[in-house]
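Inspection log for the structure reproduced underneath, given as structure tokens.
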Amino acid sequence: MCGDTLARLPARSFCQNQRLKCGNLAKVIGTLEEQLEAEGTAETEAPVRNGHRYLSDRLDCLDHPLALALGLPIGSGIIESGHRHVLQARLKKADTAWLPEHADQIAHLRVLRANDRWLSIWN
């Protein structure tokens, strides 16, 4: 059973991605609801519940048809890998170490620079 479920996962994921792109978020959430883990299952053992909660908490942010119409990226590789060239390039340089509070400040500066908003911090 587990192997069969895993074998179907990529096709299922593709189907859900297509539903999101077409604006059928309710269908995606409904499909997740059908697969929710049993009550009492630990959060670390409940990926479906976590995914369901994540999507349900962001209904106003997941209008994929509108984002596509506006030419915005929707979870593309560019967005998903942005941390590598925006953050890690600076924070993981050789011979550097950062305290968490300083790394957070550097991260904010790097994001401003990457979004061509560097001058906004000086005005």
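Just so you know, all these numbers are worked out from the coordinates, no wet-lab data involved. Not measured: the values here are computed from a predicted model. Every residue, glycine as well, gets a Cβ built from its backbone with ideal geometry; the counts of neighbours run over all protein chains shown.
Which ordering of K92, K27 is given by a fewest-first count of other beta-carbon atoms within 10 Å?
Arranged by neighbour count, lowest to highest, K92, K27 become K92, K27.
Can you sort T44, T31 so the residue with the fewest Cβ neighbours within 10 Å comes first?
T44, T31
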